[in-house]
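One structure is given below, encoded as structure tokens.
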Amino acid sequence: DLDVVQHQLFSLLGISDAFVDEGVGQFGLRNIVMTIGDTFLEVVSPVQEQTTAGRLLQRRGGDGGYMVIVQVDDLALAKQRLAETDIRVVWEADAGKARAIHLHPRDVPGALPSLDQMEPPEAWYWAGPDWQGRAAVHALAITGAQVQVQDPVSAAERWSQAYGEPVRLRDGMPLLAMSDTEVRFVEIFDGRGEGLQGIDLQCHDVAAMLARAESVDLPVNGSTVTACGTEFHLSD
């Protein structure tokens with residue numbers, strides 16, 4: 001329910017406006033794109049039958065994480081690298097200043113991966129014009145994503161091929177470190193199958209964020225808030 005989720009996330013993050021991208025209608029969806037620092041949180045909701053997102057909701061038994069979108073410096077170079085692997089590109093867009101490719105989630109398991117390039121790099125055209133003016137007040141940045149999969153090591157190796165970043169280990173957990181963010185891989189632990197299980201969210205005041213979450217009936221567990229079937233791991 002996009003309207004309910006929008007109210008909850010606007011209250012939690014301190015957002016008064018988001019961008020609505022009419023272009024996602026080609027996928028049978030409607031959406032909102034929220035600015036968090038210079039990172040972005042998109043929520044999509046099916047408005048047609050038999051959409052990819054709708055099938056995911058059915059398979060996972062409700063709302064949950066869907067995509068991991070990473071900005072790259074040179075998409076053409078990334079495509080050359082991918083051409084030397086067995087990873088399939090399932091969708092491609094070229095809007096001149098903004099380009100993107102989506103990779104097959106069976107080849108890069110756990111979430112639908114996207115590689116996107118902007119010109120200039122500091123722009124993010126998918127968030128609409130003047131996205132800086134819509135930035136969250138209470139949150140600073142998305143600093144990581146946690147993907148649950150059947151085999152974390154194998155999945156990390158496939159994501160390493162996709163993004164051209166080496167697999168690293170932290171306390172035995174495989175991850176990819178990309179600039180000031182990371183993607184971690186863990187075993188499935190909630191019975192919902194593979195998917196984007198959570199994101200790391202840097203904020204001004206964790207205690208205040210938790211209080212806001214409770215005020216809009218979002219589940220809180222320690223410093224973690226669950227919204228739209230996704231865990232938000234909060235840190236200062």
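The values are calculated or read from the model by the stated rules, or taken from the named source; none is laboratory data. Only a predicted model underlies this, so the values are computations on that prediction, with no experimental measurement involved. In this analysis, Cβ positions are derived from the backbone assuming ideal geometry, glycine residues included, and neighbour counts consider all displayed protein chains. Please note that ligands, DNA and RNA were not included when accessible areas were found on the heavy atoms of the full protein model with its side chains. Shrake-Rupley method; radii C 1.70, N 1.55, O 1.52, S 1.80 Å.
Per-structure values
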| read-out | value |
| --- | --- |
| Of all residues making up the stretch 22-66, the number that are at pLDDT below 95 and closer than 20 Å to ALA123 by Cα | 3 |
| Segments classed as strands (runs of 3 or more DSSP E), wholly inside the stretch 42-143, with at least 1 members that are of a type outside the set (Lys, Arg), over 27 Å from PHE189 (Cα atoms) and open to solvent by less than 70 Å² (accessible area, probe 1.4 Å) | 89-94, 98-103, 112-118 |
| Check on ASP63, closer than 30 Å to HIS138 by Cα and touching a strand residue (DSSP E or B) at 6+ places or on another chain (Cβ under 8 Å) | yes |
| Members of the stretch 9-34 found to be surrounded by 19 or more Cβ atoms within 10 Å (Cβ to Cβ) and closer than 18 Å to THR230 by Cβ, listed by number | LEU9, LEU12, LEU13, ILE15, ALA18, LEU29, ASN31, ILE32, VAL33, MET34 |
| GLN71 vs. criteria touching a Pro at 6+ places or on another chain (Cβ under 8 Å) and among the polar types (S, T, N, Q) | yes |
| Check on LEU218, assigned to a strand (DSSP E or B) and surrounded by 15 or more Cβ atoms within 10 Å (Cβ to Cβ) | no |
| Selected residue (only one of VAL33, VAL5 is in a helix (DSSP H, G or I) and either under 26 Å from ARG184 (Cβ atoms) or acidic (Asp, Glu) (or both)) | VAL5 |
